[in-house]
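Engineer: Sending over a structure as C-alpha cells; questions will come in a sec.
The values are calculated or read from the model by the stated rules, or taken from the named source; none is laboratory data. These numbers were taken from a predicted model, which means no experiment stands behind them. Here the Cβ is made from the backbone with ideal geometry for all residues, glycine too, and neighbour counts use every protein chain on show. Only protein heavy atoms, including side chains, enter the accessible area calculation; ligands, DNA and RNA are left aside. Shrake-Rupley method; radii C 1.70, N 1.55, O 1.52, S 1.80 Å.
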Amino acid sequence: MADVEVAENDGAGSYSLVREQVNRDVVWLVSKLEETGHEAYVVGGAVRDLVLGLTPKDYDVATSASPEEVCQAFGRRRARIIGRRFRIVHVRVRSRVYEVSTFRREPTAEERRGREDDDGVMLWRDNVFGTLEEDAFRRDFTINALYLDVTGDQGVIDYVGGLEDIRSGWVRMIGDENVRIPEDPVRNLRALKLAGTYGFEVDSALKAAIPKYSELIQASSRYRLFEELLKILMIPHSYAIFQLFSDYGFLDHFLPKVSALWSSQTGQILQKLLRGRDRRLANGGYTEAKTLALATLCFPYVASLLQEYEDLEDLWSLHDGLERTCREAVVEVLYPLTVPRFLSARVRDVILLMPRFKIGRQPRRLQRHPEYKYARELFLLLVEVFGWDKELADRWPSPPKSNSKRKRGRR
Ligand code: ATP
Ligand code: MG
C-alpha cells in the first residue's frame, strides 16, 4: 500500500477530516460488510472529491464480498443485484441507493476465450473477482482508483499514483490505452468528462489515444451512453466537457448532430445555454430534471428550424406541423442514443411552450400546464442568455410546492 494519508492537501486538510466528511450511512454500510468478515472501502468519485475538498454527490463501495454475499448481508429488501456485463449490488440505505461492487481482476486470455460473447477486444463481461490490489488495476484512471478506509486507520489506499495525479491535476489511464480503450470505449468519454469537470490535463498517451479510438463509441450500449449524457448534463461543467468532446473529435461519434452544429450560429447559442445552465447548477437551486437538461440541449436546433426571425426575438408562432417538426428535431439531436418516448415527448412540450412564456397571454392557463415548472426554468435561462427584458421573467412565479413535487419525480 502506498500513501496512507491525505496530508497537507490544499482543500481537504488532514485525512481525519476527509474521513469525517463521509456520509454516516456509508460508514454504516461499510461496517456492516466488515462485520461479515469482508473488506470494504469507499472508492471512485467520492474519494476523488473528498481529496479535492469537494462534497461527493454519491458514493461507490468496493468490497471483497461477492454480490451474493452482499445481498445476504443486507437482505433482499435492501439489496439487489443489477447488471450483466458488470454485476454490482444496489444497496438502499434510507432513501439513497449505493453501488457496491466486488473486487475485480483482469480475466486471463483463457477465461476470455471461454466466453461466447467475447471477441477478445471489447470486454463484454467483467465479472472475474479478485483482490483489492487487482481491483485497483482494473479501474480506468489513476484518480479513480483510490480507496478510502472509513472505519480503520489505513486512510487513502493508492496503488497507482492517483493521489499525486489529483494533486497535480492529471487524467492518466491505468495500463495501456491501446488495450483499455478498445476494451471499453466509454472510457474515452469518461476521460474527457474528468478533464472538463476538474480542469485537469489529459496525459499525453491518453491524448493521442482518444481520437484514435473515438469511433468505437458507436459499439457501446446506447442506453449506457444516454445515461452518461444525462450525468454530464447534471455536472456544472457541461460546456467544458462538450468543448473537449468537440476538440478531440469525439463529439462526431457520440452526438453527430450536436457536433455538426457546434461551431455554427446555432451551436454558439447552445454553448451559451450550456454555460448559463452550468452557472445555475453551480449556484444550487436549479432543477436536476432530465426533461429540463435535454430540452436545453435540444432547444437551439429546434429554434433554428422553427424560428421566423433571425435573432430569436419572437421565437415562433403556432402553426400546423409544429409538433412533428419539434419531435423529429429532438430525436435528431439525440441520435443515435435511445431516448424513452415519454421523455422525448416531455422535452418537445417544454420547448414548444417557450413562445407562450414570451407572449404572456393567458398566464393562468400556462401556469396550470403540467410542464410549467421546467418550461419556466428554461425560459428564465433564455431571458438571461439572450439578454431579454428581465420583466419577462418576473411575470412567471415559481410553481406552488404541491405542483413542483409531482409524483413523476425528477424526470
Ligand atoms: P461520478 O462522480 O460521475 O460518479 P465516478 O468516478 O464515481 O464518477 P462511476 O461511474 O460512479 O464514476 O464509477 C465508479 C468507479 O468505478 C470509477 O471511479 C472507476 O474506478 C470505476 N469505473 C467506472 N467505469 C469504469 C470503466 N468503464 N472502466 C474501469 N473502471 C470503471
Ligand atoms: Mg460514482
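Engineer: Using alpha carbon coordinates only, what is the Rg to Rh ratio of the stretch 198-305, with Rh defined as the Kirkwood radius?
Structural biologist: Checking Rg against Rh, the ratio lands at 0.96.
Engineer: Go ahead and collect, in residue order, the members of the stretch 170-190 whose backbone nitrogen is under 19 Å from a label point 7 Å along the Cα-Cβ direction of S221.
Structural biologist: Once the point is set 7 Å along Cα→Cβ of S221, 181-190 turn out to lie under 19 Å by backbone N, inside the stretch 170-190.
Engineer: How many nm separate the modelled label positions at S168 and Y335, each set 7 Å beyond the Cα in the direction of the Cβ?
Structural biologist: 4.5
Engineer: Any idea how far apart E391 and H90 come out in nm if each label point goes 7 Å out from Cα toward Cβ?
Structural biologist: Simple spin-label model gives 4.9 nm for this pair.
Engineer: What FRET efficiency would be calculated for the residue pair E68, K231, taking the C-beta separation as r and a Förster radius of 25 Å, to the nearest 0.05? The partial results should precede the final answer.
Structural biologist: On the way: r = 28 Å, r/R0 = 1.14.
E between E68 and K231, to the nearest 0.05, is 0.30.
Engineer: Would you be so kind as to identify all helices of the chain, as entire DSSP H runs, whose Cα atoms reach 24 Å or more along the helix's own axis and whose mean Kyte-Doolittle hydropathy is at least -1.0? Don't skip to the end; give the middle numbers.
Structural biologist: Values: long enough: 265-282 (26 Å, -0.88).
In the chain, the long hydrophobic H runs are 265-282.
Engineer: So for the chain, taking the charge dipole from beta-carbon charges (+1 Lys/Arg, -1 Asp/Glu), which of V51, S95, L216 sits furthest toward the positive end?
Structural biologist: Of the listed residues, the answer is S95.
Engineer: For the stretch 257-394, just say rounded, prolate or oblate: build the C-alpha gyration tensor, square-root its eigenvalues into a ≥ b ≥ c, call rounded for a/c under 1.5, and beyond that prolate if a/b exceeds b/c, oblate if not.
Structural biologist: On the way: a/c = 1.21, a/b = 1.13, b/c = 1.08.
Rounded shape, in that the Cα axes give a/c under 1.5.
Engineer: A further question follows. Once the cut-off is 22 Å, how many percent of the Cα-Cα pairs in the stretch 16-183 end up in the long-distance tail?
Structural biologist: Result for the distance tail: 44 percent.
Engineer: Under the 0.36 nm per residue contour assumption, what length would be gained going from the current alpha-carbon distance of E328 and F342 to full extension?
Structural biologist: 3.6 nm
Engineer: Give K57/K212; K193/K272; K57/K373; K193/K401; K57/K358 a once-over and call out the pairs whose C-alpha atoms are over 27 Å from each other.
Structural biologist: Details: K57/K212 32 Å; K193/K272 19 Å; K57/K373 24 Å; K193/K401 34 Å; K57/K358 35 Å.
From the list (K57/K212; K193/K272; K57/K373; K193/K401; K57/K358), the Cα-Cα distance tops 27 Å for K57/K212; K193/K401; K57/K358.
Engineer: So, one more: Is it possible to state the helix-based mean residue ellipticity at 222 nm for the chain, with each DSSP H run of 4+ residues giving -39500 (n - 2.57), the sum divided by total residues, to the nearest 500 deg cm²/dmol? What is it? Intermediate results must be reported in sequence, preceding the final value.
Structural biologist: Details: 23 runs with 210 residues, N = 411.
When only DSSP H runs of four or more count, the value is -14500 deg cm²/dmol.
Engineer: A further question on this structure: At a 1.4 Å probe radius, carbon and sulfur cover how many percent of the accessible area of the stretch 257-394?
Structural biologist: 46
Engineer: Over all directions, how big on average is the projection of the convex hull of the alpha-carbon atoms in the chain, in square nanometres?
Structural biologist: 21.5
Engineer: On to the next question. Once you have the Cα-Cα distance between V27 and R279, take 0.36 nm times their residue separation minus that, and quote the gain in nm to one decimal.
Structural biologist: Fully extending the segment from V27 to R279 adds 87.5 nm.
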